[in-house]
1. May I ask you to list pairs of residues, at least six apart or on different chains, whose Cβ atoms are under 8 Å apart, with the first in segment 2-30 being of a type in the set (S, T, Y) and the second being surrounded by 10 or more Cβ atoms within 10 Å (Cβ to Cβ)?
2. Given the residues Q58, Q100, which is the only one that is polar (S, T, N, Q), surrounded by 10 or more Cβ atoms within 10 Å (Cβ to Cβ) and farther than 30 Å from K18 by Cα?
3. Got at least one residue in segment 57-64 being at pLDDT 95 or above, of a type outside the set (A, V, I, L, M) and over 30 Å from L104 (Cα atoms)?
4. For V60, state whether it is among the β-branched types (V, I, T), in a helix (DSSP H, G or I) and out of contact with any strand residue (DSSP E or B) (no Cβ under 9 Å at 6 or more places or on another chain).
Amino acid sequence: MAKNQTKSLNAAAIKADKEAFAALQSVNGYTPANAVYTIPAIANALNELNAAQAAEAQAVAALATARDNTVAKEWAFHNLMLGAKDQVVAQFGRDSNEVQAVGLKKASEYRSRARKTKATQDK
């Protein structure tokens with residue numbers, strides 16, 4: 001038995017177990033002393049494993065679909081807000097309080113560029 005049974009097994013271990021179970025089914029006279037290890041009990045566990053893996057795969061696909069839908073809605077909202085900000089600038093002007101209210105800088109808040117002076121060489 002493994003120490004940490006809260007982590008998923010790797011695919012190779014599951015594949016090896018399935019192959020060993022297929023081989024166990026062909027063993028004549030297999031009658032374990034403990035009924036937990038009978039072929040029908042192991043077959044039932046395998047069926048439950050397959051069902052759980054199928055449910056997980058469906059949940060992963062549903063999550064990916066939900067994530068894609070959310071991303072599409074985020075972009076649609078973002079693009080609408082960019083357009084609305086442009087509309088505020090067009091309607092109220094670049095230096096209005098309304099522009100500042102929607103999260104943009106007023107035109108007067110930007111620093112003007114300092115003029116570059118040409119260095120003269122007196123040599």
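The values are calculated or read from the model by the stated rules, or taken from the named source; none is laboratory data. These figures come from a predicted structure and were not determined experimentally. With ideal geometry, Cβ positions are generated from the backbone for all residues, glycine too; neighbour counts draw on all protein chains shown.
1. Listed by first residue and then by second, the contacts come to Y30/L24; Y30/I39.
2. Of the residues listed, the single one that is polar (S, T, N, Q), surrounded by 10 or more Cβ atoms within 10 Å (Cβ to Cβ) and farther than 30 Å from K18 by Cα is Q100.
3. Taking every residue of segment 57-64 in turn, at least one turns out to be at pLDDT 95 or above, of a type outside the set (A, V, I, L, M) and over 30 Å from L104 (Cα atoms).
4. So V60 passes the test.
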